[in-house]
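In what follows, a structure is listed as structure tokens, so that the remarks can point back to it.
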Amino acid sequence: MNKLAVIADTHGNSWALTTVLDDIRQRGIADADIVNLGDSADADMDPGGTLAQLMDHDIASIAGNYETYVEGQLTPDQITWLSGLPKTLDLGPVFCCHGTPASDTSELIEKITPGRVEIADVEEIRQRLGGVENDVVVCAHKHVPRSVWLPNGQLVMNPGSVGLPAYWNDEPVLHTVEAGSPHARYAILTRSASGWNVDHIAVTYRWDLAAAAARKSGREDRACFIETGRAQIPDGLLAK
């Protein structure tokens, strides 16, 4: 393996996924050299259209911590595919997980403090890896593109989110996650003589259509996240 496109956190945004997959192919990368790190389905968007693309192109995928749908949104085959996804994938030089190798609800390279997300200390990251020694570890979950180099030579990389560039959360403490723009994000890993290079890529797409779908589901907050790449914590929560 010398080149790998990494996508993650589509969250049912089939419009963003279509553009990202097209962009990957235009760069000469085959479907067999794409890996998806989960959080693909989302009941508030277009989970069926998203899974159809992943399945039709046989994209290697793992499960995320947030795979949601309601009755009628997915076909029986899509439900079977989604429920059968593994938690991790070992691709030889590259290890794939959603959160950490042991947990899809934990952050690998971030530290969450009140109001903000920072890069975790090297020792914290090493402990969270739990003995995984692959040259590269790719993770998702926090939606922001990051590449972190460890002193032992390992590269840990988050490709960012294909379909949800911002959000707020109150676990473990109230904080926002913001990519800063509406672009759909993914990354390309390329092996060179000196190691692995990372290209973090941001592409434009019809985010107005994705935002309209969120509004149709009653998610004005989600629509704003998609349109701006910014997240605002509701005033009522800030006052607590």
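So if each residue of separation counts as 0.36 nm, and I subtract the Cα-Cα distance between ARG215 and ALA193, what length gain in nm does that give?
Working: separation 22, 0.36 × 22 = 7.92 nm, distance 4.79 nm.
Stretched fully, the ARG215-ALA193 segment lengthens by 3.1 nm.
For the listed residue pairs LYS3/LYS142; LYS87/LYS216; LYS87/LYS111; LYS3/LYS111, the alpha carbons are over 27 angstrom apart in LYS87/LYS216; LYS3/LYS111. The stretch between GLU133 and LEU150 holds 5.0 nm of extra length on full extension. This uses 0.36 nm per residue minus the Cα-Cα distance. Annotation: amide H of SER61 within the under-5 Å range of ASN36, sequence separation 5 or more or interchain, hydrogens built in the peptide plane.
Remark: the range 138-150, residue by residue, has Karplus-estimated 3J(HN,Hα) of 10, 9, 9, 5, 9, 6, 10, x, 8, 10, 10, 9, 9 Hz, where x stands for each Gly or Pro and the curve is 6.51 cos²θ - 1.76 cosθ + 1.60 at θ = phi - 60°.
Most tightly packed first, judged by the mean number of other beta-carbon atoms within 10 Å of their residues, the peptides 72-80, 202-210, 10-18 read 10-18, 202-210, 72-80.
Here, each number is a calculation from the coordinates, and none is a lab measurement. Bear in mind the structure is a predicted one, so any value in this text is a computation, not a measurement. FYI the Cβ positions are ideal-geometry reconstructions off the backbone, even for glycines, and counts take in every protein chain you see.
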